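One structure is given here, and the rest of the page talks about it.
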Amino acid sequence: MDVTIDLFACPGKTAVLAFLFLLVSVPLAFAQDLDILIQGGHVIDPKNGLNAVLDVGIAGGKIAAVRPNISPASAKQVIPAQGLYVVPGLVDIHVHVFHGTDPDAAYSNGPNALPPDGFTFRSGVTTVVDTGGAGWRNFPQFKKQVIDVSRTRVLAFLNIVGSGMRGDPFEQDLGDMNARMTAMRVKENPGVLVGIKVAHYSGPEWDPVERAVEAGRLAGAPVMVDFGGHQPELSLEELLLKHLRPGDVFTHLYAAVTGRIPIVDEHGQLRPYVTQARTRGIVFDLGHGGGSFFYSQAVPATRQAFFPDTVSTDLHRSSMNAGMKDMANVMSKLLNLGMPLEKLIAASTWKPAQVVGRLDLGHLSADAVADVAVLRLREGDFGFVDVKGKRMAGKQKLEAEVTLREGVVVWDLNGIAAGE
Ligand SMILES: [Zn+2]
């Protein structure tokens with residue numbers, strides 16, 4: 001009989017298993033193999049089904065271990081996280097960060113877009129996706145000017161308009177919406193260009209949507225649609241059930257704007273084809289922004305448990321100081337609207353990572369990049385405002401206490417990572 005089988009069959013089985021466990025644990029127990037230990041926090045890691053008090057060990061910019069009772073002696077630095085939530089670095093898939101100096105260029109090297117590092121880490125965000133600032137013509141400038149020099153991980157949906165989101169008349173030019181060139185640029189930049197964006201077109205044609213979907217098909221990438229402003233109004237049902245493919249993203253979920261049919265009807269009922277679209281795999285993204293989050297939509301929709309698949313800010317110059325503020329504030333708003341915390345964290349980490357095809361992000365698996373957010377859930381009297389200036393009172397508010405990007409502390413609100 002084989003010796004191993006013999007051992008496992010014997011009464012000393014428990015001792016043998018304990019010995020084997022010790023062998024596995026020894027490397028973490030001796031010496032300071034960990035750079036950082038985040039100790040005693042409540043870990044929520046939806047991809048791995050974790051929702052419990054656990055320690056997180058980090059070494060070499062990667063997650064080394066997530067388990068109870070990792071010895072503090074094994075780490076060079078200990079971040080005490082008792083009473084805090086420890087989650088994967090947040091992934092915000094709708095922002096505008098192609099900032100620049102051309103006063104007439106709006107979100108495409110212009111003043112409406114913002115430098116990412118000033119707005120991300122302080123609310124727990126480690127990855128953002130610029131949505132359509134650049135098109136295939138000016139993506140190289142965006143890459144050099146912003147992506148390559150930011151500490152935040154910046155990915156992008158490429159605008160179907162070749163010159164990007166630089167305002168009118170450029171964004172109305174059907175002649176500059178080329179599916180083939182857009183797809184080529186996306187394929188040249190795998191993992192960074194993660195999709196196609198179509199927005200702001202006000203004509204009566206479906207062409208921009210159709211060309212974006214065609215570019216998405218050629219590049220094997222999802223499309224994000226900012227629908228609205230069409231004169232005359234185009235059918236939302238047709239967009240969701242015919243034009244978009246499973247995996248494509250419908251942003252500004254709770255908008256109520258002229259030129260776009262809202263998802264909740266005048267009787268407060270979710271339109272049946274909206275639910276049907278979710279079932280067929282259309283992704284409903286929040287995209288709060290400066291004009292796209294209305295309690296008149298969010299309240300009835302969330303009462304019918306229609307929460308966003310992905311939580312995103314639509315960060316730009318006009319949203320940052322208004323009702324939107326930042327990712328943590330947007331998440332807090334949803335929490336107060338009744339979105340369960342675990343679902344909220346999933347919609348801000350693993351789900352958006354999946355939507356943009358970056359399966360390496362949005363979780364705390366061993367060997368994953370150590371992008372981590374340590375959040376405090378504060379209890380008190382808070383207020384949350386929508387884009388119409390309507391206030392909702394709330395009792396809970398999330399705040400980013402510490403943010404790590406690739407194992408480095410990049411935000412530390414109260415100095416808890418700094419030690420005494
Ligand atoms: Zn936007």
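Which one, Ala134, Ala277, Ala221, has the greatest fluctuation when you compute a Gaussian network model over the chain with C-alpha springs under 10 angstrom?
Ala277
If you build a Gaussian network model of the chain, linking Cα atoms that sit under 10 Å apart, which residue out of His96, His363, His200 swings the most?
His200
Could you tell me what percent of the DSSP beta bridges with both partners in the chain are antiparallel, to the nearest 5?
Antiparallel: roughly 55 percent of the beta bridges in the chain.
Which of the DSSP-defined H helices in the chain satisfy a minimum axial length of 20 Å, computed from C-alpha atoms, and a minimum mean Kyte-Doolittle hydropathy of -1.0?
13-29
Is there a quick way to get the dipole size of segment 341-391? I mean about its Cα centre, with the Cβ of Lys and Arg at +1 and of Asp and Glu at -1; what is the value in debye to the nearest 20?
About 340 debye.
About the Cα centre of the chain, how large is the charge dipole given +1 on each Lys and Arg Cβ and -1 on each Asp and Glu Cβ? Please answer in debye to the nearest 20.
Dipole about the Cα centre, nearest 20: 320 debye.
Considering the alpha-carbon set of the chain alone, what are its Rg and its Dmax in angstrom?
For the chain, the Cα-based Rg and Dmax read 23.1, 81 Å.
Mind counting lysine pairs for me in segment 272-420? Cα separation below 19 Å, and the two need to be 8 or more apart along the chain or on different chains.
Counting lysine pairs in segment 272-420 gives 14.
Trp206 accessible area, nearest 10 Å², 1.4 Å probe?
40 Å²
I need the calculated FRET efficiency for the pair Arg245 and Asn69, taking r as the beta carbon distance and R₀ as 41 Å, to the nearest 0.05.
With R0 = 41 Å, the Cβ-Cβ based efficiency is 0.30.
Report, by chain and number, residues whose modeled amide H sits under 5 Å from the one on Leu50, excluding near sequence neighbours (fewer than 5 apart, same chain).
Asp45
For the chain, what % of the accessible area comes from carbon and sulfur atoms, probe 1.4 Å?
Carbon with sulfur: 55 percent of the solvent-accessible area.
Select from Leu218, Leu253, Leu315 the residue whose mean-square fluctuation is largest in a Gaussian network model of the chain (Cα-Cα springs shorter than 10 Å).
Answer for the Gaussian network model of the chain: Leu218.
May I ask which residue of Val387, Gly191, Thr131 lies farthest towards the positive end of the charge dipole of the chain, with charges of +1 (Lys, Arg) and -1 (Asp, Glu) on Cβ and the Cα centre as origin?
Val387
Calculate the dipole size of segment 291-420 relative to its Cα centre from +1 charges on Lys and Arg beta carbons and -1 charges on Asp and Glu beta carbons; express the result in debye to the nearest 20.
740 debye
What is the antiparallel percent of DSSP beta bridges lying wholly in segment 159-284, to the nearest 5?
So the antiparallel bridges amount to about 20 percent of the total.
Taking only protein heavy atoms and a 1.4 Å probe, what accessible area per residue, in Å², does the chain have with all protein chains in place?
About 41 Å² of surface per residue is accessible.
Which ³J(HN,Hα) values in Hz, rounded to whole numbers, follow from the phi angles of segment 357-363 under the Karplus curve 6.51 cos²θ - 1.76 cosθ + 1.60, where θ = phi - 60° and Gly and Pro get x?
x, 10, 5, 7, 10, x, 8
Between the DSSP loop rule and a limit of at most 12 other Cβ atoms within 10 Å, which GluC sites (Glu not before Pro) in segment 205-301 are left?
Glu205, Glu266
The values are calculated or read from the model by the stated rules, or taken from the named source; none is laboratory data. Just so it is clear, the structure is predicted and the values come from calculations on it, not from any experiment. Neighbour counts run over all protein chains shown; Cβ positions are idealised from the backbone, glycine included. Quick note on the areas: whole protein, heavy atoms, side chains included, nothing else; ligands and nucleic acids left out. Shrake-Rupley method; radii C 1.70, N 1.55, O 1.52, S 1.80 Å.
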